[in-house]
Amino acid sequence: MSDFPQAPTPAFLFDLDGTLIDSVYQHVIAWRQALSSMGIDLSVWRIHRRIGMSGGLFVSALLRETGLKLSREQIEQLQTTHMEAYEQQVHSVKPLPGAAELLSELTVRGVPWAIATSGYARTARLALGMLGLPEDTPMVTRDLVRRAKPDPDLFLAGAALVRVDPAHAMVVGDSVWDLLAARRAGALGIGLLSGGYGRDELERAGAFRVYADPADMLARLDELGVRFD
């Protein structure tokens, strides 16, 4: 028997939109509809670049670009309108290739994992059924933390939920905001191209591996130190 200490089991903290479910563009359209309802006209590409941030920061960033100002009540109404618009499109949202299989494989191998999303529970929990996951799936939503991405709160809470040190976790996300939050949480970052960001952007934000989608990551789990005992 070796006298050397065993390495800790890796754990994974997954973003949701654009990482496990193909919902980024539905959120973009929902935000555009919400903004338009207040007379704010923004190009789709500008909205897409902010997807993954907390709703409050998202709105603040976009308003800064337009030079407009909204009251706290108006910002809250904007977020509510976005959720309602997204719910109207949720029937078109599907799991990304390999997402359900990846989570199932990690579970079979005894690898801890959780979902940590900037979305509110109202919309985020709709994804559980799509992915074939039970209601008690470990999930941290915007409602449960003080600040969302790019702050690290979601991933710190996700790590606590599955009882792992964030330094022994890997954050899987599709946006630069996920990877920035991962670095601030002290976790390794894994980028997926399935949310629309490019490989170079994800790597510059700190991704040490970049995969096309969950199916590609599943096929290469050995690169991330996941193996059968």
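The values are calculated or read from the model by the stated rules, or taken from the named source; none is laboratory data. The structure presented is a predicted model; accordingly, all values stated were derived computationally and were not measured. Ideal geometry is used to build each Cβ from the backbone, glycine not excepted, and the neighbour counts take in all protein chains shown.
In this structure, Ala169 does not qualify as free of Cβ contacts under 8 Å to residues at least 60 places away in the same chain and farther than 26 Å from Glu87 by Cα. Residue count for the stretch 53-95, restricted to those that are part of a strand (DSSP E or B) and in contact with a strand residue (DSSP E or B) (Cβ under 9 Å, 6 or more places away or on another chain): 1. For the stretch 38-52, filtered to residues that are charged (D, E, K, R) and in a loop (DSSP other than H, G, I, E, B), the residue that is farthest from the chain's Cα centre (by Cα) is Asp41.
Just for the stretch 50-76: of the residues that are crowded, with 19+ Cβ neighbours inside 10 Å and either in contact with an Asp or Glu (Cβ under 7 Å, 6 or more places away or on another chain) or not polar (S, T, N, Q) (or both), which one is farthest from Val140 (Cα to Cα)? Lay out the reasoning, then the answer.
At the first step, the residues of the stretch 50-76 found to be crowded, with 19+ Cβ neighbours inside 10 Å are 50-55, 58-59, 62.
Add one more test, that the residue is either in contact with an Asp or Glu (Cβ under 7 Å, 6 or more places away or on another chain) or not polar (S, T, N, Q) (or both), and what stays is 50-53, 55, 58-59, 62.
Working: Arg50: 20, Ile51: 18, Gly52: 14, Met53: 15, Gly55: 15, Phe58: 19, Val59: 21, Leu62: 25 Å.
Filtering first and then ranking leaves Leu62.
Could you tell me how many of the residues in the stretch 184-203 are in contact (Cβ under 8 Å) with a residue 24 or more places away in the chain and not small (Gly, Ala, Ser)? Total satisfying the criteria: 5.
Inside the stretch 143-170, residues that are farther than 21 Å from Ile190 by Cα and surrounded by 14 or more Cβ atoms within 10 Å (Cβ to Cβ) make up a count of 3. The condition (being within 18 Å of Arg49 (Cα to Cα) and not acidic (Asp, Glu)) is satisfied by just one residue among Leu154, Leu192: Leu192. The residue list Leu179, Leu154 contains one member that is assigned to a helix (DSSP H, G or I), farther than 14 Å from Ala114 by Cβ and modelled with pLDDT of 95 or more, which is Leu179. Among the residues of the stretch 194-213, are any farther than 23 Å from Val140 by Cβ, among the aliphatic types (A, V, I, L, M) and either modelled with pLDDT of 95 or more or over 14 Å from the mean Cα position of the chain (by Cα) (or both)? The answer is yes; a qualifying residue exists. Out of the residues in the stretch 15-25 that are surrounded by 21 or more Cβ atoms within 10 Å (Cβ to Cβ) and not aliphatic (A, V, I, L, M), which is nearest to Ala215 (Cα to Cα)? For the stretch 15-25, the residue satisfying everything is Thr19.
Quick one: in the stretch 1-26, of everything that is closer than 25 Å to Ala100 by Cβ and modelled with pLDDT under 90, which residue is nearest to the chain's Cα centre (by Cα)?
Filtering the stretch 1-26 down to residues closer than 25 Å to Ala100 by Cβ leaves 9-26.
Right, trim to modelled with pLDDT under 90 and you get 9-10.
On the way: Thr9: 22, Pro10: 19 Å.
Looking at the filtered set, the residue picked out is Pro10.
Scanning the stretch 166-181 for residues that are farther than 19 Å from Val145 by Cα and among the charged types (D, E, K, R) returns a single hit, Asp174. Considered as a group, the residues in the stretch 187-229 that are under 20 Å from Leu96 (Cα atoms) and of a type in the set (D, E, K, R) include one that is surrounded by the fewest Cβ atoms within 10 Å (Cβ to Cβ), and that residue is Arg220.
When the residues of the stretch 99-127 are narrowed to those that are over 16 Å from the mean Cα position of the chain (by Cα) and in a loop (DSSP other than H, G, I, E, B), which ends up surrounded by the fewest Cβ atoms within 10 Å (Cβ to Cβ)? Full working, then the answer.
Quick first cut of the stretch 99-127, residues over 16 Å from the mean Cα position of the chain (by Cα) only: 101, 104-112.
Checking the rest, the ones that are also in a loop (DSSP other than H, G, I, E, B) come to 109-112.
Numbers: Arg109: 14, Gly110: 10, Val111: 19, Pro112: 20.
Filtering first and then ranking leaves Gly110.
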